Structure formats: structure tokens, C-alpha cells
Amino acid sequence: MTPNGKIYSRKRLGTSANEQRKVAQAIKRARSMALLPYTSGTL
């Protein structure tokens, strides 16, 4: 994730499409459980 809370692209992470979907789902799940912020407080 970027410092602003965005998910990095596949090219930046070097993951396959399937892995990127899993990463995105895990981040979204963590956000919904309030383990990660939706955005950083520095925007």
C-alpha cells in the first residue's frame, strides 16, 4: 500500500493477476475490520 492508503498496481508489486486480486481482497477485508485505514490522515 502507498502511504496514502492506496493499493499498489500489479506492475509495482510484481504479482500475477490472481495474486493481485487476493492482495486487494485481503486489504479490503482488513479495512472493513478496521485493521487498516481507508485513507491516511495526512491527505
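The values are calculated or read from the model by the stated rules, or taken from the named source; none is laboratory data. Bear in mind that the values here come from a model prediction, so they are computed numbers and not experimental data. Note that each Cβ is placed from the backbone with ideal geometry, even for glycine, and that neighbours are counted across all protein chains shown.
Descriptive notes on the structure:
- Residues of segment 7-43 satisfying the condition of being surrounded by 12 or more Cβ atoms within 10 Å (Cβ to Cβ) and either touching a residue at least 40 places away in the same chain (Cβ under 8 Å) or part of a loop (DSSP other than H, G, I, E, B) (or both): Ile7, Tyr8, Thr15, Leu36, Pro37, Ser40
- When residues of segment 1-32 are limited to those that are touching a helix residue (DSSP H, G or I) at 6+ places or on another chain (Cβ under 8 Å) and aliphatic (A, V, I, L, M), the one modelled with the lowest pLDDT: Met1
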